[in-house]
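Participant: Below are the structure tokens for one structure; questions will follow.
Since every read-out is calculated from the coordinates, none of them should be taken as a lab result. Nothing here was measured: the structure is a model prediction, and the numbers come from that model. Here the Cβ positions follow ideal geometry from the backbone for every residue, glycine too, while neighbour counts run over all protein chains shown.
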Amino acid sequence: MKLRAHVEGLAVPATVATVEPKDTIVTITGNRTVGKAGANANPIGRLAVPPTEANGLGTVETKFKELVEVKTSGALAAGVAVKLAAVDGSTGENIVTTWLAGTDSYERLYGVVWAGTAGVGIAEVLVY
């Protein structure tokens, strides 16, 4: 791939599973971790600053606008697409839950989990 022009997106630090060159398209493979995107992957962006070693720190320029911390309705793994759920009844805070392709309309898609939770808790979500 050869980058010709781009609009700057949200840049986030990430652990990169393998050493890849700058501008490699990546997908989420774990909490705050990315790997080279392959067939049928959900690409999140490109390596703006590649790592110098496997499982090293790099910077990913994403297609997203925000990185937020938000309550979850249950366990959510990194890379899962999410939608907004009913707000928390006691605090009024927003809650996210899994977005289901084929069931939920694309208009309900809120973002993708960057760092997940093992149960009800706070997740980091990359927001469109």
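Participant: Looking only at Leu100, Leu76, Leu57, which one moves most when the chain is put into a Gaussian network model with springs between Cα atoms under 10 Å?
Facilitator: Of the options given, Leu100 has the highest mean-square fluctuation.
Participant: Counting alpha carbon pairs within less than 8 Å and at least 6 residues apart, what relative contact order, in whole percent, applies to the stretch 66-127?
Facilitator: Numbers: 148 pairs, mean separation 29.6, N = 62.
Result for the stretch 66-127 is 48 percent.
Participant: Here is a further query. With the chain treated as a Gaussian network of Cα nodes joined by springs under 10 Å, which of Ala81, Ala101, Ala17 yields the largest mean-square fluctuation?
Facilitator: Ala101
Participant: Indicate, rounded to the nearest 5 percent, the antiparallel portion of the DSSP beta bridges found entirely in the chain.
Facilitator: Taking every DSSP beta bridge with both residues in the chain, the antiparallel ones total about 90 percent.
Participant: Another question, then. Looking at the chain, identify the longest residue range that excludes and avoids all GluC sites (Glu not before Pro) in DSSP loops having at most 16 other Cβ atoms within 10 Å. The partial results should precede the final answer.
Facilitator: Values: sites that count: Glu8, Glu53, Glu93.
Longest gap between qualifying sites, sites excluded: 9-52.
Participant: Further question on the same structure: Over the chain, what is the relative contact order in whole percent, taking alpha-carbon pairs under 8 Å and six or more residues apart?
Facilitator: Working: 321 pairs, mean separation 30.9, N = 128.
Here the relative contact order equals 24 percent.
Participant: For the chain, modelled as a Gaussian network with Cα springs under 10 Å, which listed residue fluctuates most, Ala77, Ala118, Ala11?
Facilitator: Greatest mean-square fluctuation among the candidates belongs to Ala118.
Participant: Just grab the label-to-label distance for Ala41 and Ser73, each label 7 Å out from Cα along the Cβ direction, in nm (one decimal).
Facilitator: 3.0
Participant: Over the stretch 1-85, how many pairs of lysines fall under 18 Å by alpha carbon, counting only those 8 or more apart in sequence or from different chains?
Facilitator: Total qualifying Lys-Lys pairs in the stretch 1-85 comes to 9.
Participant: Can you figure out the FRET efficiency of Arg32 with Ser90, using R₀ = 22 Å and their beta-carbon distance, to the nearest 0.05?
Facilitator: Numbers: r = 29 Å, r/R0 = 1.34.
Using R0 = 22 Å, I get an efficiency of 0.15.
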